[in-house]
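Remarks on the structure that follows.
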Amino acid sequence: METTRQSKISRLIQKELGEIFRAQTAKMHGVIVSVCSVKVSPDLSIARAYLSVFPSEKATEILDSVRESAKTVRYELAARTRYQLRRCPELEFFIDDSLDYLERIDQLLQES
């Protein structure tokens, strides 16, 4: 069960990460990175961000790039949320493959 504080912080982090990734991917034509959800640990020290990448063929490449620049992203997030958060949580990034999963289920249902 997520507390009210956790949900507020996760929404704030999701919004700010979305803006950060929108600004960074504006330079790369044809790639869209969106933050689907953010889950914050109960002690507010770790934030797990689930990213959706379009086109999905570049998902692993983009995820590796984001993980390499995680410290830079965290620094920028801390600068944006300095008046709302006392400490910026450590960031972990994962691919949100729920849309691919739904697409695969639809494909299997249409085949049968």
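Things to note:
- Members of the range 48-61 found to be at pLDDT 95 or above and either hydroxyl-bearing (S, T, Y) or surrounded by fewer than 16 Cβ atoms within 10 Å (Cβ to Cβ) (or both), listed by number: Y50
- Only listed residue being polar (S, T, N, Q) and touching a strand residue (DSSP E or B) at 6+ places or on another chain (Cβ under 7 Å), chosen from S45, S69, S41: S45
- Residue check for V38: closer than 12 Å to I9 by Cα and either surrounded by 16 or more Cβ atoms within 10 Å (Cβ to Cβ) or in contact (Cβ under 8 Å) with a residue 12 or more places away in the chain (or both): yes
- Scanning the range 62-91 for residues that are among the acidic types (D, E) and either surrounded by 14 or more Cβ atoms within 10 Å (Cβ to Cβ) or in contact with a Ser or Thr (Cβ under 9 Å, 6 or more places away or on another chain) (or both) turns up E76, E90.
- Criterion violated by G30 - all others in (1) surrounded by fewer than 14 Cβ atoms within 10 Å (Cβ to Cβ); (2) of a type outside the set (D, E); (3) farther than 25 Å from Y101 by Cβ satisfied: (3)
Results for (1) in a loop (DSSP other than H, G, I, E, B); (2) modelled with pLDDT of 95 or more; (3) β-branched (V, I, T), shown as yes or no for each residue.
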{"position": "A23", "(1), (2), (3)": "no, no, no"}
{"position": "V33", "(1), (2), (3)": "no, no, yes"}
{"position": "L63", "(1), (2), (3)": "no, no, no"}
{"position": "R86", "(1), (2), (3)": "yes, no, no"}
{"position": "D100", "(1), (2), (3)": "no, no, no"}
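The values are calculated or read from the model by the stated rules, or taken from the named source; none is laboratory data. Just so you know, these numbers come straight off a predicted model, no measurement behind them. Backbone-built Cβ (ideal geometry, glycine too); neighbour counts: all protein chains shown.
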